[in-house]
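Everything on this sheet refers to the single structure shown next.
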Amino acid sequence: MPARDQRGAAPDPTDLRVTPPAEGSGPVRGDDGPHGGRGTPFTFRHDGRTVTAYPGETIGAALLAAGVRALRPSGFDARPRGLFCGIGACFDCLVTVDGDGPVRACLAAAAPDTEVEVHDVPRQR
Amino acid sequence: MSPGSADPTRVPAVVVGAGPAGMAAAVALAETGVPVTVLDSYPHPGGQYHRPRAVGPGAGRAGVVAAPTGAGTGTGDDPTVAAFRHHLAVGTVHLRSSTTVWSASAEEGGCTLRLTTGTDPAAGTAAHAAADPDRDAALLHAEVVIIATGATDRVLPFPGWDLPGVCTAGGAQALLKGQGIRVGTRAVVAGSGPFLLPVAAALAEAGTTVAAVAEAQHAAVIARAAPRIAGHLDVVTEGLGYARVLARHRVPVRHATAVTAAAGDGRVEEVTLQRLDEQWRPVPGTEQRVAVDAACVSFGFVPQVGLPALLGCALTSDPVWGDPVVAVDSHQHTCVDRVFAAGESTGVGGAAVAVEEGALAGLAAAHALGAIDVGALRDRGAPHRRSRARKQAFAATLGRMYRRGDGWVHWLADDTLICRCEEVDHASVRHAVTALGAVDQRSVKLTTRCGMGRCQARMCGDAVAALVAHHSGAPADDRAALSTPTVLAPVRLRELAALSPEYEEP
Ligand SMILES: Cc1cc2nc3c(=O)[nH]c(=O)nc-3n(C[C@H](O)[C@@H](O)[C@H](O)COP(=O)(O)OP(=O)(O)OC[C@H]3O[C@@H](n4cnc5c(N)ncnc54)[C@H](O)[C@@H]3O)c2cc1C
Ligand code: FES
């Protein structure tokens, strides 16, 4: 399928997914729709809702694209935290996956049919 | 001896980090005939600069596709990436991706590295292990080690900086380059340093409304140093390119301006832009509120020195920034026998410096292994040494251009968080210094827990040192003399079982 201007194909200004320019590496499934070129979407569950993700997306990226910015309450003061450093250095983005973890949402790849939960571990001063 | 020989846990050479420095080091070593094992935490090589796209066609190929503009990113024809790819293909370089060194020690005859695998320690491990049997080797013994672990964004705290939607500029860039996701629909890019421009340009090209770029430094200070960088045409051209992109998108670039507060209900909804005086003190009455759903902040980068500290490498204070950096000699040799370091862990200079340092570290490591003689070390290294000197000098000039003023501490409120992990606020840090007699970052940590959390002070260390100096009136302490972290990354319990039994997930 020929490359096409995905920004033109995704007029929704609130859509945070930018499809990177196609690379001419042949047809990719899921080319149609506003996120063409990202492959075939799948879903996982987060905090009771269904979230769409594309192959290769991290949990944090998929949640951000779904409008979820607050990922967990901080341990002492329960202040909301989200993606901060984006590269695995700050540990603000912790979530649990299928009860396992915590994992850093900015690093861990989203996986189909997983249950991603808020990592809420209150701490005492 | 090669990575494929009888004992896969014993190899001649390990490079930690597959960014520009690590790739250049691996290539230089491999070209002397030494088999190289490269370890990197990420699923794909490239580091921060050549961070590959992880989504869509061509996913996983370092440097193939950059951010939508190509701004501040590696390109497909980068010679280091091409050479690295070649050595991977012919098997002279063996890459173990999604592999993090979480602990290490130097002994007679080499170093022992302890590894954890998976994108994140609890995720994706089984799949990786099945695909690559030697992934499960949790120990690696190497005769020589080259450290190329890079840097993280430097962020100075401000009220509301812990709100979701406030992120590092590097993080925003990584999301865009790696994931094709923009951090928000309307953003400000703020902080200081040349990195703000490519990030703002990339976001604007990706469709984000960039309400402003706020550069804390005064334009006059930058202009004063400008003649000294005019000779570096490539960099000047690159900078002008970003300026053109920003102009096309009508993005205002404001100097002597900072984000001095962020506010919102559960996430950032507005930021306060404020003028700064020459010392970076906020000027009262100049506040301007701007509605945003993202604020991307960076004041440059802080070298990652956890691994070299564990190996016993001496650290020194960066002459421009004061950050602890690995001390190396002209061969990129640390004070520990057969341990070399290159790239931003030895001081922030950008990808161009990192590759020269990497190449020199690779050659010196090859010499240490007896693969090349001293004449070859000298001759092959000569062009890299010249280039390194020129580029390091340029990086130092840039650093001075953006040298920060001490007045930024005045934008902190008493309840502004300094340590995000342990949730220690400004008033507590000040109290530790003025009432409890804390004299350096370490004593602040012991009295307040500031810097004791998961991030190992990577997010707050620099700010705390500045606050100690500010509140005590003493010059900033020598941060190179700080305590070493126990582990570099979270590890699974079974990986820990062999070691300190008292470690618990904080
Ligand atoms: C988030 C971020 C984004 C950036 N984006 C850009 C950009 O777009 N353009 C630009 O010009 N500069 C960028 N920079 C600046 C960057 O530092 C470059 O100058 C350059 O990438 C430095 O090269 P390096 O090889 O020294 O380190 P890096 O490129 O940072 O590479 C270091 C590598 O080491 C690995 N590593 C670290 N610790 C371990 C460990 N314990 N075990 C295993 N692996 C480990 C990391 O995964 C990483 O891949 C960015 C910096 C950051 C922090
Ligand atoms: S956002 Fe910092 S660790 Fe994930």
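The values are calculated or read from the model by the stated rules, or taken from the named source; none is laboratory data. This structure is a prediction, so every number in the text was calculated from the model and none was measured. Cβ atoms come from the backbone with ideal geometry, glycine included; neighbour counts cover every protein chain shown. Side chains are part of the model used for accessible areas, which takes the heavy atoms of the whole protein and leaves out ligands, DNA and RNA. Shrake-Rupley method; radii C 1.70, N 1.55, O 1.52, S 1.80 Å.
Ordered by solvent-accessible area of protein heavy atoms (1.4 Å probe), largest first, the residues A:43, A:14 come out as A:14, A:43. Carbon-plus-sulfur accessible fraction, chain B (probe radius 1.4 Å, protein heavy atoms only): 55%. Overall, the accessible surface of the stretch A:42-118 at a probe of 1.4 angstrom is composed of carbon and sulfur to the extent of 45 percent. Restricting the calculation to alpha carbons of the stretch B:155-299 gives Rg and Dmax of 14.7, 48 angstrom. Database remark: amide H of residue B:95 closer than 5 angstrom to the amide H of B:38 (H placed geometrically; neighbours at sequence offset of 5 or more, or on other chains; Pro and chain starts carry no H).
Per-residue shielding of B:147-160, expressed as the average number of other chain Cβ atoms within 10 Å of the residue Cβ, stands at 1. Rounded to the nearest 10 square angstrom, residue B:221 shows an accessible area of 30 square angstrom against a 1.4 Å probe. With a 10 Å cut-off around each Cβ of B:165-175, the average count of Cβ atoms from other chains is 6. When the residues A:120, B:7 are ordered by accessible surface, computed with a 1.4 Å probe over the protein chains alone, the sequence from largest down reads A:120, B:7. Once the partner protein chains are put back, the stretch B:439-466 shows a loss of at least 50 square angstrom of accessible area, versus the chain by itself, at B:454, B:459 (probe 1.4 Å, ligands and nucleic acids excluded).
Buried accessible surface for the B/A chain pair comes to about 4500 Å², total over both chains, computed with a 1.4 Å probe. Among B:461-468, B:24-31, sorting by the average number of other beta carbon atoms lying within 10 angstrom of each residue, highest first, gives B:24-31, B:461-468. Using the 1.4 Å probe convention, the accessible area of the stretch A:42-118 works out to 32 Å² per residue with neighbouring protein chains retained. Taking amide hydrogens as placed 1.01 Å from N in the peptide plane, the amide H of residue B:301 sits under 5 Å from those of B:154, each at least 5 positions away in sequence or on another chain.
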